[in-house]
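The values are calculated or read from the model by the stated rules, or taken from the named source; none is laboratory data. Everything quoted here is computed from the prediction, not taken from an experiment. Here the Cβ is made from the backbone with ideal geometry for all residues, glycine too, and neighbour counts use every protein chain on show.
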């Protein structure tokens, strides 16, 4: 489901200064469609595992975007970290925000909307990515060499 729930959306309007802006992603129809599949499976009492290439949930869109969306829907989330340990979404948010506070010293939890919109460590991807246009240009240059 990388096209709907993946950490590097094709929609260039989801990026700000090369970083994925998860607040913008949450508003997109493709994300809402992908999330509706997860919600539907949860309603049918199915277990779901979401995986990607990032081992650390606090550095992944699953921990910053999808996990918070699930918690807002009162769906329990258990992240498995790089050591194989389980972590709650609350623990992930607190590790990102630091000491349970947002950048303006407001409590980070349980109100999830504030950290998503106010804390850059949760709102944006850790890595910066080249835009689709830049990737296209660099692949064309590489093919000419």
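Annotations for the structure displayed:
- Flag for residue 35 being part of a helix (DSSP H, G or I), touching a helix residue (DSSP H, G or I) at 6+ places or on another chain (Cβ under 8 Å) and either over 26 Å from residue 10 (Cβ atoms) or at pLDDT 95 or above (or both): no
- Selected residue (only one of 74, 58, 45 is under 15 Å from the mean Cα position of the chain (by Cα) and outside any strand (DSSP E or B)): 58
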